[in-house]
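The structure under discussion appears below in the form of structure tokens.
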Amino acid sequence: MPLFTYKAINSLGETEDGVRDAADEAQLLASLQAEGYLPLKIAAANSRSFLGLALTGKQKKLSGKDIVLFTGELATLLESGLPLDKSLLVLMDLTEDNPRLTKLIAKVLEKVKGGSSLADALELQAGVFTKFYLNMVRAGEAGGSLGEVLTRLAEYLESAQELKDTVSTALIYPAILLVMSLASLFIMLTFVVPQFTEMFASAGKELPVSTQIVVGMAEWLQSYWWILLGGGLAISSYMKMQMADPVRKKVWDGRFLKLPLYGEILLNKETANVSRTLGTLLGNGVSIVSAMMIARETVDNLVIADAIADTEEQIKQGRHISDALLEKAIFPKMATQMIKMGEETGRLEEMLLRVAGLYDKQLRVAIQRMLALLEPALIITLGLMIGGIIVSILLAILSVNDLAF
């Protein structure tokens, strides 16, 4: 009999994978249903399976895109009128191509069937979901609008993921250019220049100063390249130690904010992040103090996080959020003025989301501006360095052959 692999949910709500022999898929389906299983997938066994063990690589961790997919699909199912447990069951079938996500959903489904709320079930998943995410879900469950809240949460996560992807994509070309530049210089100094060095040495003539410098660099790099590698690793280790210490990290975060262009990018990123988090939380019934506390935990820069913490304390004393932010002068003045306008008109949540959209756009503009300067700077620097090496070699060749310009 042919072998078939299957994925099914047992009577405890747990997902099981296995291999069985059957005349055909229909017979295996009937057999599993008779044993109390809920089949999700049945397929002919192939060479990638042996004795029920899939010969696949190590499962990847859940990515931000996986969380966006889970949230959006679950929101759609709940909005269509399905109960939570049924929605999770259907979602397991929809995500069968992502084993890790399917396994997580199965664990959540088990807890929900055991009487837990969705927020509590998600919180038990080993730090997969942020505090912001969990508070949004709790607010939705408490208000009886879980589907609507998950829809807003999915929009928030999609915006955040889109912004992250934009930044990552924008930095790919400069990173490749930088790596290729360094690789080109290394190859020229360690393989090309030494070929001419032997010829210059046999000529017995004094080389031009520029050529002596290039030859000296090549000889040093051939003998002591490990110093550069060790220095790079040492600097990397030092920065990791600095960033692991909150006091030192705060000092570095302050320095980063003062850098031209890069500081603007960091500030725009955190302004958009904090504004979107606050607007989303306040729009779903979370108190301003709790929203500020959660927003602070989403901030990477400790200088900005401390400013939000101070603002949180002042709000507890009765001050408006805009007044406290203006006093700290950490966020852009336009952002704080827009927040103040939202407080005065009673549309704070809407204005915070507008601020987030505005600074998302400004962040993209700042990145494009930085790349507009970085790319030609790298190209010109590489051209000058390689051109300098080539000219120094040509000068030496002309000098050896006693040619005049």
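Report yes if G263 is part of a helix (DSSP H, G or I) and surrounded by fewer than 22 Cβ atoms within 10 Å (Cβ to Cβ), otherwise no.
Details: part of a helix (DSSP H, G or I): yes; surrounded by fewer than 22 Cβ atoms within 10 Å (Cβ to Cβ): yes.
Answer is yes for this residue.
Name every residue in segment 244-260 that is under 27 Å from L371 (Cβ atoms) and exposed (fewer than 13 other Cβ atoms within 10 Å of the Cβ), in order of residue number.
Once the filter is applied, which keeps residues that are under 27 Å from L371 (Cβ atoms) and exposed (fewer than 13 other Cβ atoms within 10 Å of the Cβ), segment 244-260 yields R255, K258, L259, P260.
All but one of (1) in contact with a Pro (Cβ under 7 Å, 6 or more places away or on another chain); (2) of a type in the set (A, V, I, L, M, F, W, C); (3) in a loop (DSSP other than H, G, I, E, B) hold for A218, so report the exception by its number.
Unmet condition: (3).
If a residue counts only when it is within 18 Å of Y262 (Cα to Cα), which helices (runs of 4 or more DSSP H) contained entirely in segment 295-405 have at least 2 such residues?
Those helices (runs of 4 or more DSSP H) span 302-316, 348-400.
Quick one: E206 ticks every box in (1) modelled with pLDDT of 75 or more; (2) closer than 20 Å to G388 by Cβ except a single one, so which number is it?
With respect to (1) modelled with pLDDT of 75 or more; (2) closer than 20 Å to G388 by Cβ, E206 is out only on (1).
I'm told Q317 meets every condition in (1) exposed (fewer than 13 other Cβ atoms within 10 Å of the Cβ); (2) among the polar types (S, T, N, Q); (3) within 30 Å of L178 (Cβ to Cβ) except one. Can you identify the failing condition by its number?
Here Q317 meets the rest and fails (3).
Provide a single number: the residues in segment 96-119 that are of a type outside the set (D, E, K, R) and in a loop (DSSP other than H, G, I, E, B).
5
Looking for something in contact (Cβ under 8 Å) with a residue 12 or more places away in the chain and farther than 29 Å from D360 by Cα - is there at least one such residue anywhere in segment 254-263? Can you show your working first?
Initially, segment 254-263 is screened for residues in contact (Cβ under 8 Å) with a residue 12 or more places away in the chain, giving 254, 256-257, 261-262.
Keeping just the survivors that are farther than 29 Å from D360 by Cα gives none.
For segment 254-263, residues in contact (Cβ under 8 Å) with a residue 12 or more places away in the chain and farther than 29 Å from D360 by Cα: absent.
Has segment 160-175 got any residue that is crowded, with 18+ Cβ neighbours inside 10 Å and within 30 Å of E349 (Cα to Cα)?
Yes: one or more hits.
The values are calculated or read from the model by the stated rules, or taken from the named source; none is laboratory data. All values reported here derive from a predicted model rather than from experimental measurement. Note that each Cβ is placed from the backbone with ideal geometry, even for glycine, and that neighbours are counted across all protein chains shown.
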